[in-house]
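Below you'll find the structure, written out as structure tokens, and then a few comments.
What follows is calculated from the coordinates using simple rules that are stated; it is not laboratory data. If you're wondering where the values come from, they're calculated on a predicted model, not measured in any experiment.
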Amino acid sequence: MAPGARRNPADNLDDDDYPAYTMGRAAELIGTTPAFLRALGEARLITPLRSEGGHRRYSRYQLRIAARARELVDQGTPIEAACRIIILEDQLEEAQRLNEELRKRGQEGGAPGPVGDGPVGGGPVGGGTVDRGPGGGGPVEGGS
């Protein structure tokens, strides 16, 4: 999109990172309570954006994460452990994606492929949260 161009509001319908859902609607969609969503925020698993009025707004991506947390909690996993499991699952997925990307580059005659089976770069991928901001670039930070 050109600088200064306006985004078509209908584009938000396909955007997994667009914070379209209020807390009540989000809780209803995943079959939980607003208190559970707040607990996920306190555990820093997801950080909803805030409306101008200060209300929490959740994206579809965040709701998928919250639904996964609910599955784990329903199986008896403490919420803090469920959040850590989800963060580790996300880090593993990202490391595997990066590994595959490097492997493809190596096969094309570019940079050599990864060495070993560990995460690319030798350490954990990501910063301890699975949340993405609009456009998928990083953690969603709440407003006011």
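Under a 5 Å amide H to amide H cut-off, with H placed in plane at 1.01 Å, what residues pair with residue 49 once short-range neighbours are removed?
Close amide H contacts, sequence-distant or interchain: 57.
On full extension of the chain, what length is gained from residue 14 through residue 52, given 0.36 nm per residue of separation minus the C-alpha to C-alpha distance?
Contour length minus the Cα-Cα distance gives 11.4 nm.
Output ³J(HN,Hα) for the range 60-67: one whole-Hz value per residue in order, computed from phi by the Karplus curve 6.51 cos²θ - 1.76 cosθ + 1.60 with θ = phi - 60°, and x for Gly and Pro.
These are the phi-based 3J(HN,Hα) values: 4, 4, 5, 5, 5, 5, 4, 5 Hz.
Hey, can you grab everything whose amide H is under 5 Å from the amide H of residue 18? Only 5+ residues off in sequence or another chain; H modelled, so Pro and N-termini drop out.
60
Short version: ³J(HN,Hα) in whole Hz for each residue of the range 90-107, in order, from phi by Karplus 6.51 cos²θ - 1.76 cosθ + 1.60 (θ = phi - 60°), x for Gly and Pro, what are they?
5, 5, 5, 4, 5, 5, 5, 5, 5, 4, 5, 4, 5, 4, 5, 4, x, 6
So what are the ³J(HN,Hα) numbers for the range 73-79, from phi and the Karplus equation (6.51, -1.76, 1.60; θ = phi - 60°), rounded to whole Hz, Gly and Pro as x?
My calculation for the range 73-79 gives 5, 5, 8, x, 7, x, 4 Hz in order.
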